[in-house]
Amino acid sequence: MAQVLSLESFEKALVVETGPNEDYAAGYAEGLAAGRAEAEADSAALASSFVQSVSDAEFTYAEASSQLLRSLRPLFQALSEKILPHCVDAGFASQLANTLSNGAAAEIGKPLSVHVSTDQYEAVLAALSGLPIQVDVKPDVSLPALTAWIGRDDAECLFDLSSITAEIDKMLGAIETEFERTIEHG
């Protein structure tokens, strides 16, 4: 005997769902609101943490300058204590010769005399030997090193590199301490 095959019919009218039911919609809205609240709390915590990290790492221009100048202090000390005096001492005779040459070019014909310390006498003579001007150089025990009196008939001037060295030392000292002051606001 033959059996009749019975198959389920799919031709029935399809039931169209109109949307989620009310309980599902209410649960979804509550979950969405809770997720947004948690995301906003996390965002606020991250922003606060970021601001704190930036303020912890932040330092002002004055603080950075002060730190840089403190690290450069040994260089400034070496410049003012060792290098600058040596350069000024070694260059005194040539600077004096240059000054005399420039001054002599302006007033040709008037006799020129220079009084220098005994320490610089030989160096000044050597520096002036190549110049086309006549200069009467005299050693003077009363003059300190790096100082010279330059004279003509009616005028004299002091050529003093030691005061220039002292001024440079003073300026370097001012650079070191300028940013050590703190300014309080508020």
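The values are calculated or read from the model by the stated rules, or taken from the named source; none is laboratory data. Note that the coordinates shown come from a computational prediction; the quantities given were computed from them, not determined experimentally. FYI the Cβ positions are ideal-geometry reconstructions off the backbone, even for glycines, and counts take in every protein chain you see. In case anyone asks, the SASA skips ligands and DNA or RNA and just uses the protein heavy atoms, side chains included. Shrake-Rupley method; radii C 1.70, N 1.55, O 1.52, S 1.80 Å.
What is the packing order of peptides 27-37, 65-75, taking the mean over residues of other C-beta atoms within 10 Å and listing the highest first?
Per-residue mean Cβ counts within 10 Å order the peptides as 65-75, 27-37.
Show me, for the stretch 158-173, the HN-Hα J-couplings you get by feeding each phi into the Karplus relation (A = 6.51, B = -1.76, C = 1.60, θ = phi - 60°), rounded to Hz, glycine and proline as x.
Once rounded to whole Hz, the list reads 9, 9, 10, 7, 5, 5, 5, 4, 5, 5, 5, 4, 4, 5, 5, x.
Taking the full set of protein chains and a 1.4 angstrom probe, give the accessible area of VAL141 in square angstrom, rounded to the nearest 10.
Accessible area of VAL141: about 130 Å².
Heavy-atom accessible area of CYS87 with all protein chains present, probe 1.4 Å, nearest 10 Å²?
80 Å²
Can you tell me the length gained on complete extension of the stretch CYS87 to ALA25, counting 0.36 nm per residue apart and subtracting the Cα distance?
Stretched fully, the CYS87-ALA25 segment lengthens by 13.5 nm.
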